[in-house]
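Participant: A single structure is presented below for examination.
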Amino acid sequence: MIVQAICFYLFAAITVASGVMVIAARNPVHSVLFLILAFFNAAGLFVLAGAEFLALILVIVYVGAVAVLFLFVVMMLDINFVELRQGALQYLPVGALVGLVLLVELILVFGAWVAGPEVAQSIAAPLPLATNVTNTAALGQLLYTRYVYVFQASGMILLVAMVGAIVLTLRARTDVRKQDINVQVGRRRADTLEIVKVRPRQGV
Amino acid sequence: MADFWQGYALPVVITVAEIVAIIVPLLVAIAYLTYAERKVLAWAQLRKGPNVVGPFGLLQPIADGAKLLFKETVIPSGANRVVFLAAPILTFSLSLMAWAVIPFDKGVVLANINVGILYLFAISSLGVYGIVMAGWSSNSKYAFLGALRSAAQMVSYEVSMGFVIVTVLLCAGSLNLTAIVEAQRTIWYAIPLLPMFVVFFISVLAETNRSPFDLPEGESELVAGFFVEYSAMSFALFYLGEYGSMILMSAMTSILFLGGWLAPFNLEPFTGLAAHLWAGFWFALKVALVLFCFLWVRATVPRFRYDQLMRLGWKVFLPFSLFWLVLTAGVLVTTGWLPK
């Protein structure tokens, strides 16, 4: 038990510290690297909570794909970040408002748990009891039965967003030569080669 | 005190001993894979390969290691020191970390976790960080270009690798590596899923940045790509990390498609209890076979052009593996072969 507690506080402390470093680091690439560290430790917290599937999906999706693209973009950007930082103070009221809303919501949730014990009962019990099946199977059963419409709808939204991004950035360029592999493979000797008999002193 | 010994100290000691028992043979295998690569390439090119140090040149990897160990580590003056040094360490340790879940026989595994295949996939997708960090922190154009190529390449091929893995999972009905191997008792998945096996092998070549997809290194245009600024031991760690992840990916291929430790035929000396004696042998043999294919490809296939690489990943492999995934699911459902 004590090992678990030590692990929890270790992961939690590193998550919070690297979260702070994400906004405090001067170099944007360091910020992204700290963000990755935060993801990683959050995955560790998931493992401690017994949610191994979520932990690994977090690593695969966020660390393995999203953060790579993030890092990719941040490295390629040529922005003077010191200059950008100058105007950061004007966003302070908006940031403070978002933070305040989050804080109030958290207080409401935890306050309800502490104040009214009947609130805790209204939280749905995990449908297939977690002890009987692996948590991959439990998640699958819940997602594809009870929440299947919500699940499919979120998939559709992501698809539309992806198509939108492609439509916005796609431009058909006519001034570049593109390789068409079908044409190349489909070339026959008869289409391109002609054997000419050249007689001496006459040329073609 | 006895409680502490039983509860904490003993498991820790046993686990450390198990880790050492996996890592030491692995490091020897990595060293001799570099030797094997040089020999195989030499045979393919009608040369002799390393044959001076020791009998048949067998001590060559040790000599190379000693040479790299005694050289000076040079850090470029414009480099970002911490990231620069962290990158090779990350690459190397990632290639060792994944071995925690690889089963060598039924029950012979360091951590038999339920989501073993996801763990392997996660670790292999982290490999890109070592390269990207190295390329960025070196503060050099060549290294940076190599890193960018590698990031795009590894993310692209991960997608089709993911679909191949999902197809295997559909057939096996579990994310546990031991269960996946046990599910291949009737037939190895390389046979019914042959096209996916080919797609997986090619994606693995791209994922490990091996030729013909070794554009991140691309020595003819980028000098040495992302590790152009590295020297001595920091270079050696990249080098060993690459070979380590080659062995890891071969192990993954043999677990997913070639039946892991299962014997290829159910004949007398390989059945019953004796099967456990042979398990390690069959597993090593399959891994070695896949590794030979890695080297064989390097000796014969020319490097891809970058746009061809992206085309192959997104326009050929992705639709194809998606199609096979749907087809496999359809066949499994209609015939009722879907594992319970």
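Participant: Looking at B:LEU145, B:LEU110, which one is at pLDDT below 85, assigned by TED's automatic domain parsing to the domain that holds B:TYR306 and closer than 24 Å to B:ALA275 by Cα? It would help to see each step written out before you state the result.
Facilitator: On the way: B:LEU145 fails: closer than 24 Å to B:ALA275 by Cα.
None of the others qualify; the one that does is B:LEU110.
Participant: Now, a different point. Considering only the range B:64-78, I want to know if a residue exists there that is part of a loop (DSSP other than H, G, I, E, B), under 22 Å from B:PHE292 (Cα atoms) and open to solvent by 40 Å² or more (accessible area, probe 1.4 Å).
Facilitator: Our first condition is that a residue be part of a loop (DSSP other than H, G, I, E, B); within the range B:64-78, this holds for B:70-78.
Filter once more, so that each one left must be under 22 Å from B:PHE292 (Cα atoms): none.
Among the residues of the range B:64-78, not one is part of a loop (DSSP other than H, G, I, E, B), under 22 Å from B:PHE292 (Cα atoms) and open to solvent by 40 Å² or more (accessible area, probe 1.4 Å), which makes the answer no.
Participant: Follow-up question, since we're still on this one. Being at pLDDT below 90, within 14 Å of chain B (Cβ to nearest Cβ) and either surrounded by 10 or more Cβ atoms within 10 Å (Cβ to Cβ) or in contact with a Lys or Arg (Cβ under 8 Å, 6 or more places away or on another chain) (or both) is the filter here; which residues of the range A:151-204 pass it?
Facilitator: Selection gives A:GLN179, A:ILE181.
Participant: With the condition kept exactly as written, say whether any residue in the range B:98-105 is open to solvent by 50 Å² or more (accessible area, probe 1.4 Å) and either aliphatic (A, V, I, L, M) or within 14 Å of chain A (Cβ to nearest Cβ) (or both). Before the answer, list the steps.
Facilitator: Filtering the range B:98-105 down to residues open to solvent by 50 Å² or more (accessible area, probe 1.4 Å) leaves B:104.
Going one step further and asking which of them are either aliphatic (A, V, I, L, M) or within 14 Å of chain A (Cβ to nearest Cβ) (or both), we end up with none.
Checked the range B:98-105: no residue is open to solvent by 50 Å² or more (accessible area, probe 1.4 Å) and either aliphatic (A, V, I, L, M) or within 14 Å of chain A (Cβ to nearest Cβ) (or both).
Participant: Further question: Does the range B:153-163 contain any residue that is open to solvent by 40 Å² or more (accessible area, probe 1.4 Å), under 19 Å from the mean Cα position of the chain (by Cα), assigned by TED's automatic domain parsing to the domain that holds B:VAL109 and modelled with pLDDT of 85 or more? Quick ask: steps written out before the conclusion?
Facilitator: Taking the range B:153-163 as the starting set, the residues that turn out to be open to solvent by 40 Å² or more (accessible area, probe 1.4 Å) are B:159, B:163.
Add one more test, that the residue is under 19 Å from the mean Cα position of the chain (by Cα), and what stays is B:159, B:163.
The next check asks that each one be assigned by TED's automatic domain parsing to the domain that holds B:VAL109; those that pass are B:159, B:163.
Next cut, modelled with pLDDT of 85 or more only: B:159, B:163.
The answer is yes, given that some residue of the range B:153-163 is open to solvent by 40 Å² or more (accessible area, probe 1.4 Å), under 19 Å from the mean Cα position of the chain (by Cα), assigned by TED's automatic domain parsing to the domain that holds B:VAL109 and modelled with pLDDT of 85 or more.
Participant: If you don't mind, there's one more thing I want to ask. Would you say B:VAL159 is farther than 30 Å from B:GLU219 by Cβ and within 11 Å of chain A (Cβ to nearest Cβ)? Talk me through it step by step, then tell me what you get.
Facilitator: Values: farther than 30 Å from B:GLU219 by Cβ: no; within 11 Å of chain A (Cβ to nearest Cβ): yes.
Criteria not met by B:VAL159.
Participant: Here is a follow-up. Return a yes/no flag: does the range A:16-37 have any residue that is at pLDDT 85 or above, open to solvent by 60 Å² or more (accessible area, probe 1.4 Å) and within 16 Å of A:THR136 (Cα to Cα).
Facilitator: No, the range A:16-37 contains no residue that is at pLDDT 85 or above, open to solvent by 60 Å² or more (accessible area, probe 1.4 Å) and within 16 Å of A:THR136 (Cα to Cα).
Participant: Consider the range B:298-332. How many of its residues are away from chain A (no Cβ under 14 Å), of a type in the set (Val, Ile, Thr) and open to solvent by 30 Å² or more (accessible area, probe 1.4 Å)?
Facilitator: 4
Participant: So B:ALA111 passes all but one of these: (1) assigned to a helix (DSSP H, G or I); (2) free of Cβ contacts under 8 Å to residues at least 12 places away in the same chain. Which condition number does it fail?
Facilitator: The failed condition is (1).
Participant: Considering only the range B:283-297, state which residues are within 15 Å of B:SER203 (Cα to Cα) and surrounded by fewer than 20 Cβ atoms within 10 Å (Cβ to Cβ).
Facilitator: Once the filter is applied, which keeps residues that are within 15 Å of B:SER203 (Cα to Cα) and surrounded by fewer than 20 Cβ atoms within 10 Å (Cβ to Cβ), the range B:283-297 yields B:CYS293, B:VAL297.
Participant: Would you confirm, using the coordinates I've provided, whether B:ILE23 is part of a helix (DSSP H, G or I), under 28 Å from B:PHE281 (Cβ atoms) and in contact (Cβ under 8 Å) with a residue 40 or more places away in the chain? Please lay out each step first, then the result.
Facilitator: Working: part of a helix (DSSP H, G or I): yes; under 28 Å from B:PHE281 (Cβ atoms): yes; in contact (Cβ under 8 Å) with a residue 40 or more places away in the chain: yes.
In short, yes.
Participant: Do we find that B:THR167 is part of a helix (DSSP H, G or I), over 19 Å from the mean Cα position of the chain (by Cα) and surrounded by 20 or more Cβ atoms within 10 Å (Cβ to Cβ) in this structure?
Facilitator: When the stated conditions are applied, B:THR167 passes them.
Participant: Name the single residue that is farthest from the other protein chains (Cβ to nearest Cβ) among those in the range B:130-140 being of a type in the set (Ser, Thr, Tyr) and crowded, with 24+ Cβ neighbours inside 10 Å. Outline the logic, then answer.
Facilitator: First, pick out the residues of the range B:130-140 that are of a type in the set (Ser, Thr, Tyr): B:137-138, B:140.
Within this subset, residues satisfying the condition of being crowded, with 24+ Cβ neighbours inside 10 Å are B:137-138.
On the way: B:SER137: 8, B:SER138: 12 Å.
In this case the residue turns out to be B:SER138.
Participant: Taking A:PHE11 as the residue in question, decide whether it is within 14 Å of chain B (Cβ to nearest Cβ), surrounded by 19 or more Cβ atoms within 10 Å (Cβ to Cβ) and in a helix (DSSP H, G or I). Lay out the reasoning, then the answer.
Facilitator: Details: within 14 Å of chain B (Cβ to nearest Cβ): no; surrounded by 19 or more Cβ atoms within 10 Å (Cβ to Cβ): yes; in a helix (DSSP H, G or I): yes.
No, not satisfied.
Participant: Another question, then. Here are B:LEU120, B:LEU177, B:LEU110: which of them is surrounded by fewer than 20 Cβ atoms within 10 Å (Cβ to Cβ), hydrophobic (A, V, I, L, M, F, W, C) and under 30 Å from B:PHE265 (Cβ atoms)?
Facilitator: Working: B:LEU120 fails: surrounded by fewer than 20 Cβ atoms within 10 Å (Cβ to Cβ); B:LEU177 fails: surrounded by fewer than 20 Cβ atoms within 10 Å (Cβ to Cβ).
None of the other options fit; the residue is B:LEU110.
Participant: Further question: So, in the range A:38-49, exactly how many residues are in contact with a helix residue (DSSP H, G or I) (Cβ under 7 Å, 6 or more places away or on another chain) and either open to solvent by 20 Å² or more (accessible area, probe 1.4 Å) or outside any helix (DSSP H, G or I) (or both)?
Facilitator: Restricting attention to the range A:38-49, the residues satisfying the condition of being in contact with a helix residue (DSSP H, G or I) (Cβ under 7 Å, 6 or more places away or on another chain) are A:38-48.
Applying the additional criterion that residues be either open to solvent by 20 Å² or more (accessible area, probe 1.4 Å) or outside any helix (DSSP H, G or I) (or both) yields A:39-40, A:42, A:45-48.
Total meeting the criteria: 7.
Participant: Given (1) over 28 Å from B:PHE323 (Cβ atoms); (2) open to solvent by 20 Å² or more (accessible area, probe 1.4 Å); (3) of a type outside the set (D, E, K, R); (4) part of a helix (DSSP H, G or I), identify the lone condition not met by B:ALA143.
Facilitator: That leaves (2) as the condition not met.
Participant: Based on what the data block shows, is B:SER174 part of a helix (DSSP H, G or I) and either touching a Phe, Trp or Tyr at 6+ places or on another chain (Cβ under 9 Å) or within 14 Å of another protein chain (Cβ to nearest Cβ) (or both)?
Facilitator: Details: part of a helix (DSSP H, G or I): no; either touching a Phe, Trp or Tyr at 6+ places or on another chain (Cβ under 9 Å) or within 14 Å of another protein chain (Cβ to nearest Cβ) (or both): yes.
Here the answer is no, as B:SER174 does not meet what is asked.
Participant: A further question follows. Only one of (1) modelled with pLDDT of 85 or more; (2) in a helix (DSSP H, G or I); (3) over 30 Å from A:LEU56 (Cα atoms) is not met by A:GLU118, so which one is it?
Facilitator: Here A:GLU118 meets the rest and fails (1).
Participant: Quick check on B:VAL53: is it surrounded by 14 or more Cβ atoms within 10 Å (Cβ to Cβ) and either under 30 Å from B:LEU258 (Cα atoms) or assigned by TED's automatic domain parsing to the domain that holds B:LEU295 (or both)? Give the derivation first.
Facilitator: Values: surrounded by 14 or more Cβ atoms within 10 Å (Cβ to Cβ): yes; either under 30 Å from B:LEU258 (Cα atoms) or assigned by TED's automatic domain parsing to the domain that holds B:LEU295 (or both): no.
Criteria not met by B:VAL53.
Participant: Still on this structure: Only one of B:VAL115, B:VAL82 is open to solvent by 20 Å² or more (accessible area, probe 1.4 Å), closer than 27 Å to A:ALA67 by Cα and modelled with pLDDT under 90. Can you tell me which? Please lay out each step first, then the result.
Facilitator: Details: B:VAL115 fails: open to solvent by 20 Å² or more (accessible area, probe 1.4 Å).
Every option except B:VAL82 fails the conditions.
The values are calculated or read from the model by the stated rules, or taken from the named source; none is laboratory data. It should be emphasised that the depicted structure is a prediction, and the values quoted were computed from it without experimental measurement. All Cβ positions, glycine included, derive from the backbone under ideal geometry; neighbour counts span all protein chains shown. Side chains are part of the model used for accessible areas, which takes the heavy atoms of the whole protein and leaves out ligands, DNA and RNA. Shrake-Rupley method; radii C 1.70, N 1.55, O 1.52, S 1.80 Å.
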